[in-house]
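Bear in mind that the values in this text are calculations on the coordinates, not laboratory data. Not measured: the values here are computed from a predicted model. So basically every Cβ, Gly included, is an ideal-geometry build from the backbone, and we count neighbours across all protein chains shown.
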Amino acid sequence: MKREYLLAALALVASLYIYTLYRSEATVVNHVFSILGFDEGKKFLMNFKMPLNDWLVYSLPGGLWVFAVTIISKGLFLNIMEIKLKVCYLPIVYAVILEFLQLSGITNGTFDYNDIVATLMFGGMALLLKGKPKEVLIFSTLDLRTITTIGGYFIVFLSDTIG
């Protein structure tokens with residue numbers, strides 16, 4: 001699992017970098033950084049900002065999130081009405097459903113086929129990575145993997161916009 005945690009951490013750091021330097025100041029993560037007094041650090045990082053195309057700025061971070069949460073949640077499952085659901089599929093399903101909710105206007109955001117492509121591509125890569133962690137009922141124990149997976153869903157809140 002060490003390799004999986006490292007890959008997930010790298011994916012989330014890359015996503016955070018993009019959100020912090022390239023996305024709107026109205027995102028929750030940028031507000032949190034401002035409250036924590038990281039404005040000077042952000043200004044310093046802006047000196048190293050490279051031009052990125054729209055796909056890298058708007059679709060890649062979601063794909064990286066799906067990759068990270070999928071890879072960490074491999075082996076975790078939920079029991080719902082005697083049905084064993086593998087948690088590793090939830091980030092992919094969640095991200096695709098979210099896009100269609102945006103398309104229908106039920107939630108804020110902009111529908112983009114590229115986001116679905118990024119979700120399926122990075123989710124698929126995470127599922128294809130070798131390794132079969134021990135299967136664990138997600139809420140039966142609060143180990144590092146369970147806490148990290150639950151925390152991964154909290155990260156989605158940081159990508160939202162205020163106002």
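Points worth noting:
- Residues being closer than 30 Å to Glu82 by Cβ and aliphatic (A, V, I, L, M) - total across the stretch 107-137: 7
- Residues that are aliphatic (A, V, I, L, M) and within 12 Å of the chain's Cα centre (by Cα) within the stretch 113-129 comprise just one, Ala118.
- If you go through the stretch 1-17 and keep only what is without any contact (Cβ under 8 Å) to a residue 40 or more places away in the chain and more than 14 Å from the chain's Cα centre (by Cα), you end up with Lys2, Leu6.
- Residue, surrounded by the most Cβ atoms within 10 Å (Cβ to Cβ), within the stretch 64-80, restricted to residues that are outside any strand (DSSP E or B) and polar (S, T, N, Q): Thr70
- Residues of the stretch 18-53 satisfying the condition of being exposed (fewer than 15 other Cβ atoms within 10 Å of the Cβ) and in contact (Cβ under 8 Å) with a residue 24 or more places away in the chain: Ser24, Ala26, Val32, Leu45, Met46, Lys49, Leu52
- Filtering Tyr58, Tyr94 for residues that are under 17 Å from Phe154 (Cα atoms), hydroxyl-bearing (Ser, Thr, Tyr) and assigned to a helix (DSSP H, G or I) leaves a single hit, Tyr94.
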